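The values are calculated or read from the model by the stated rules, or taken from the named source; none is laboratory data. Bear in mind the structure is a predicted one, so any value in this text is a computation, not a measurement. These area figures cover heavy atoms from the full protein model, side chains too; ligands, DNA and RNA do not enter into them. Shrake-Rupley method; radii C 1.70, N 1.55, O 1.52, S 1.80 Å.
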Amino acid sequence: MSDDTESPSVPLADPFAALAVGGYGADVCVHRDDISTEFPNEILELVRVRVDENRDLRRVDSDRFVRNVVVANSNDRRSVVKRMLADVPADATDEDLYVSALLRDVIPPSFVRLNDPDDENVVTKVMELDTTVSKIKLLVSLGRVAQQDDFTAEDLDSMEGALDTLAELDDTENVDQYIRERLL
């Protein structure tokens, strides 16, 4: 369950662990049946969620279970995936079970946190881009920038503004080239 930017020893962390009960966020998920060694854009699903009282993520639109929030960090991908689906509530069906593609420890909570269910953030803006470049690779690259000691809230706003500008471009080839040359 890795993107090709991930090696077996990469620390994994759930950015949703920092969200409080009742908090909203945007996760990038793949269905449990689609877990593989890569996350092509075609299988990624943007899911707007809230953290419930059991520290589960539930869809904002339907209140259906998505996955558990994983509190402990790990280098073991299988262990983290198992914890995401360890305590499935009785009302969940197989169709509801997703795992997050945002487990690299470089993805900060500020990328996933939403102030309200319809808000936008780095994750939603990347997922809206019309690009053939791996959206997970792009999020990881942006996450590395956000890990710098001097990264501020203003820098996050600038990052989101740049993503808005890219989303307005009509030429996928130019968007792809810009991302490859300047953001990866």
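Based on DSSP H runs of at least 4 residues, each adding -39500 (n - 2.57), what is the mean residue ellipticity at 222 nm of the chain after dividing by all its residues, to the nearest 500 deg cm²/dmol?
-8500 deg cm²/dmol
Quick one: what Rg and Dmax do you get for the chain from the alpha carbons, in Å?
Answer for the chain, Rg first and Dmax second: 15.8, 47 Å.
Given H placed 1.01 Å from N in the peptide plane, which residues other than close sequence neighbours of Leu114 have an amide H under 5 Å from its amide H?
Tyr24, Gly25, Ala26
What is the distance in Å between the Cα centres of the stretch 37-114 and the stretch 144-175?
Here the answer is 24 Å between Cα centres.
For the chain, what does the relative contact order come out to in percent, with C-alpha contacts under 8 Å and a separation of six or more?
Relative contact order here is 25 percent.
Using a 1.4 Å probe, what is the accessible area per residue for the stretch 23-183, in Å²?
51 Å²
In the chain, carbon and sulfur make up what percent of the accessible area (probe 1.4 Å)?
44 percent
Using 0.36 nm per residue, how much length does the chain from Asp76 to Leu184 gain when fully extended, once their Cα-Cα distance is taken away?
36.4 nm
For the stretch 116-121, just list the computed ³J(HN,Hα) in residue order, Karplus coefficients 6.51, -1.76 and 1.60, θ = phi - 60°, integers in Hz, with x standing in for Gly and Pro.
3J(HN,Hα) across the stretch 116-121, in whole Hz: 8, x, 9, 5, 10, 8.
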